[in-house]
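See below for the structure under consideration.
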Amino acid sequence: MLVRHKAWLAGSLFLLALVGLISVGFQPAQASDPLDRLLRSRLLEHNITVPEPGAPASPAQVELGRMLYFDKLLSGNRDTSCATCHHPALATSDARPLSVGTAGVGLGPDRQRGQERPHIPRNAPDVFNRGSALWTTMFWDMRIEQMPDGRLLTPAGAFLPEGIDDVLAAQALFPPTAEHEMRGMPGDRDLFGHPNELAEIPAQDFPAIWNAIVARLQRTPPYRPLFEDAYPGTRFEEITIAHVANAIAAFEREAFTLLNSPWDRYLRGDDSALSPAAKRGALLFYGELGCSACHSGPLMTDQQAHNIAVPQLGPGKGASAPFDFGRELVSGSPTDRYAFRTPPLRNVAVTGPYMHNGAFRTLEAAVRHHLNPAESLRTYTPSAHLPADLVATYQDDPAVQEALLDTLDRNLHPTTISDDEFADLLAFLHALTDPAVYTLAQEIPTWVPSGLPVAEIEARTP
Ligand code: HEC
Ligand code: HEC
């Protein structure tokens, strides 16, 4: 009995060893450097992987989405497209603290506001990797949110169209409804001096605005084959704004999923993808500096709102103007005042200026702010960060600063780090850049179905 038992034990040990050998053979080379061993175990603890990119759509849907993304026909005045503020040559943003929408001229930092047009209250985020199914929120205040049961919460409430694929598609419904982003103001005339019919519709009447946009597309014959190829079985006469939004999201997912940064290659097992400085920086980020308390998980965001006491500036948002109360405007809860969704950080070295309102011009300043928010806020010098027309909008009242600090997130406390550590942290953040960010201009079409210029309008004829 005992002998048989021993033989069984020896047999199973042999099998186990065999299985072990085989599986070792299939694993990426074991980290030999102590730094890699430490970092890889830290990453395992924090569940850090390359995010899944999201399911690809058909090439026809992506191509339709590309046309819609660059077509100024979606704006009331026929002068602004998604790309105006999320431009491929500007890291899918506009390189400005606050965006400038319809009636503006020019691109990026050079874009000038039209007469009597305010800045958009917030910074235009990048749209990298937003097609991942891990996303459950959109916007700085998360006013688009997918609930655990799959329901989508949006500013349109019960008027949300049927058939919206996900939060990214839901997001695409709203820029064309926003008066200063794309829709225009009552009385506006478009690029050709014709009345802007979108601007005359009451702001709350989302379905009427969307129907008017669909009608414009249906009056543009080159869109017919594009829609019919993208949605086989749906007649062009039957398309809805959901087809438009889903196609735009399909394009964004296809064009702007960039997961080949040195960091992503390291996460896939290549120890040589990162410099030692970047590895030490990653250890600080996922260790003693506690950055990953909020910039957590594969997307580097917990998709929660936090108040990190970013200086207030700009025209302000909604009912809280001239301030921007952030998440409180959506939740109604005063504990959410000045809280904004943690931004994801891939390609962050090229997506400045930073924060929900572009308050910090450099990545260094944005990172330093976290290390001592109170000091950073109290010593903030708007002229060091902002163009002249925004300097005057900075809220320098000490009472405002104290209010910002009153509800500061508890995860942030004054932290001192050496210059070497700071350089390591920056090396890590720079390793989040996928070199493909520099060649995105190839996504820009030479032509769009409306025949409107793809480049930004450079001047307006009165
Ligand atoms: C006038 C500039 C402007 C235009 C035009 C514009 N956007 Fe944006 N976009 C912004 C700003 C500003 C925000 C942030 C607003 C907020 O969070 O309150 C934003 C947010 C987003 C987000 C959310 C990203 C995230 O992680 O939360 C996506 C995606 C996006 N825009 C895509 C689009 C698409 C698609 C279009 C065209 C249908 C478009 N944008 C048109 C300025 C613009
Ligand atoms: C308490 C949660 C929290 C912690 C901890 C945290 N962050 Fe942030 N981070 C945020 C939020 C929220 C924002 C945006 C705030 C705003 O715009 O008002 C932000 C913004 C940023 C930005 C600007 C990104 C952009 O696109 O504008 C960078 C860079 C950044 N954080 C890096 C770090 C680093 C590095 C650490 C660790 C030293 C860190 N964060 C720790 C919540 C956090």
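All of the numbers you see were taken from the coordinates with simple rules; none came from a lab. Source: prediction; values computed, not measured. Every residue, glycine as well, gets a Cβ built from its backbone with ideal geometry; the counts of neighbours run over all protein chains shown.
Label the stretch 273-365 by shape, choosing from rounded, prolate and oblate, from the square roots a ≥ b ≥ c of the eigenvalues of the Cα gyration tensor; if a/c is under 1.5 it is rounded, and otherwise prolate applies when a/b is larger than b/c, oblate when it is not.
Working: a/c = 2.85, a/b = 1.83, b/c = 1.56.
Taking the square roots of the gyration eigenvalues as a ≥ b ≥ c, the stretch 273-365 is prolate.
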Taking a ≥ b ≥ c as the square roots of the Cα gyration tensor eigenvalues, with a/c under 1.5 meaning rounded and otherwise prolate when a/b beats b/c, else oblate, which class fits the stretch 262-436?
prolate
Could you size up the charge dipole of the stretch 262-436 around its Cα centre, putting +1 on the beta carbon of Lys and Arg and -1 on that of Asp and Glu, and report it in debye to the nearest 20?
340 debye
Here the membrane-span-like helices of the chain, with no claim about any membrane, defined by DSSP H, Cα axial extent at least 20 Å and mean Kyte-Doolittle at least 0.0, are 2-26, 241-256
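Within a 10 angstrom radius of the beta carbon, how do 145, 402 rank from fewest other beta carbons to most?
Working: 145 18, 402 12.
With the sparsest Cβ surroundings first, the list reads 402, 145.
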Along the charge dipole of the chain, pointing to its positive end and built from +1/-1 on Cβ of Lys, Arg, Asp and Glu, which listed residue (374, 180, 245) has its Cα farthest out?
245
I need to check one value: relative contact order of the chain, counting alpha carbon pairs closer than 8 Å and at least 6 residues apart, in percent.
22 percent
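In debye, nearest 20: dipole of the chain around its Cα centre with unit charges on the Cβ of K, R (+) and D, E (-)?
About 760 debye.
Going by how many other Cβ atoms sit within 10 Å of their own, how do 342, 335 line up, fewest first?
335, 342
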Unit charges at the beta carbon, dipole of the chain: most positive-side option, 444, 273, 76:
273
Taking just the alpha carbons, could you work out the radius of gyration and Dmax for the stretch 137-280, both in angstroms?
19.8, 60
Dividing the alpha-carbon Rg of the chain by 2.2 N^0.38 Å yields what?
1.09
Let me check I've understood the local charge: for residue 58, count other residues with C-beta under 11 angstrom from its C-beta, Lys and Arg +1, Asp and Glu -1. What total comes out?
-3
Tell me the Kirkwood hydrodynamic radius of the stretch 46-189 in angstroms, computed as one over the mean inverse distance between distinct C-alpha pairs.
16.4 Å
Just name one of 314, 285, 354: the one whose Cα is farthest towards the positive end of the charge dipole of the chain (beta-carbon charges, Lys/Arg +1, Asp/Glu -1).
285
As an exercise, use a Förster radius of 22 Å and the Cβ-Cβ distance of residue 204 and residue 329 to find the FRET efficiency, rounded to the nearest 0.05.
0.85
At a 10 angstrom cut-off on C-beta neighbours, averaged per residue, how do the peptides 292-303, 242-253 rank from highest to lowest?
242-253, 292-303
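For a quick protection proxy, order the peptides 128-141, 315-328 by their average other-Cβ count within 10 Å, most packed first.
Averaged packing, sorted descending, gives the order 128-141, 315-328.
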How would you rank 62-70, 45-53, 180-188, 361-369, highest first, on the average number of other Cβ atoms within 10 Å across their residues?
62-70, 180-188, 361-369, 45-53
Quick check on the exposure proxy: order 345, 198 from fewest to most C-beta atoms within 10 angstrom.
345, 198
Positive minus negative residues near residue 184 (Lys, Arg vs Asp, Glu; Cβ under 11 Å):
-3
Using alpha carbons only, how many angstrom separate the centre of the stretch 243-283 from the centre of the stretch 302-336?
29 Å
